[in-house]
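The values are calculated or read from the model by the stated rules, or taken from the named source; none is laboratory data. Every value quoted in this text rests on a predicted model; they were computed, and no experiment measured them. Positions of Cβ are backbone-derived with ideal geometry, glycine not excepted, and every protein chain shown enters the neighbour counts.
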Amino acid sequence: MPVAPNQNFPVILVPAQPSDVENLVAIRIEAMRESLERVGRFDPVRARERFLGGFDARNTRYIEVSGERVGFVVVKHHHNELLLDHLYVRPSAQGSGVGAAVLTQIFKEADAAALPVKVGALKESASNRFYTRHGFQFTESSEFDNYYVRQSVPAKQR
């Protein structure tokens, strides 16, 4: 069981490499399995293909706590926003503050660039509550997903 993040064991974001793709797919499937099964949409082949279709190692960072890779995050930089394309934490590390620590780091990057952060979440997923708890505002929904935005915070308000 991973150690919860704190000052002795902080959450560290480590760049992924193109050769990491199969490990990243495995983490994605592990993290999404329960939510996708709940809505009857779990298909590991589709999950793999969907991830590979948008994979770019330059935007991908592993989430490490105490040297253990407990997930990964993909943030795509667009000229007027950051897209939080993926944030997956292994079930064994969920609920320990890892996701919140990752968002804190992403928010610092977004605020420094004065850019909003956009994210999508599967409608039946607990990630919807997670994102709204951390300041994201609902913007719209599609057949399977909800979409949110978190506006940047100007330096004078931080």
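Things worth noting here:
- Checking ASP145 against (1) within 20 Å of PHE72 (Cβ to Cβ); (2) more than 13 Å from the chain's Cα centre (by Cα); (3) of a type in the set (D, E, K, R); (4) buried (at least 17 other Cβ atoms within 10 Å of the Cβ), the condition it does not meet: (4)
- Note on region 30-142: enclosed strands (runs of 3 or more DSSP E) holding 1 or more residues that are more than 25 Å from VAL14 (Cα to Cα) and in contact with a helix residue (DSSP H, G or I) (Cβ under 9 Å, 6 or more places away or on another chain) are 117-122, 137-141.
- Per-region count, region 30-58, residues among the β-branched types (Val, Ile, Thr), touching a strand residue (DSSP E or B) at 6+ places or on another chain (Cβ under 9 Å) and modelled with pLDDT of 80 or more: 0
- The sole residue among ALA112, ALA100 that is over 12 Å from the mean Cα position of the chain (by Cα), surrounded by fewer than 18 Cβ atoms within 10 Å (Cβ to Cβ), more than 15 Å from GLU30 (Cβ to Cβ) and among the small types (Gly, Ala, Ser) is ALA112.
- Meets criteria (at pLDDT below 95 and surrounded by fewer than 16 Cβ atoms within 10 Å (Cβ to Cβ)) for GLN94: no
- Filtered residue count, region 21-53, keeping only those that are surrounded by 13 or more Cβ atoms within 10 Å (Cβ to Cβ), without any contact (Cβ under 8 Å) to a residue 60 or more places away in the chain and farther than 16 Å from LEU87 by Cα: 2
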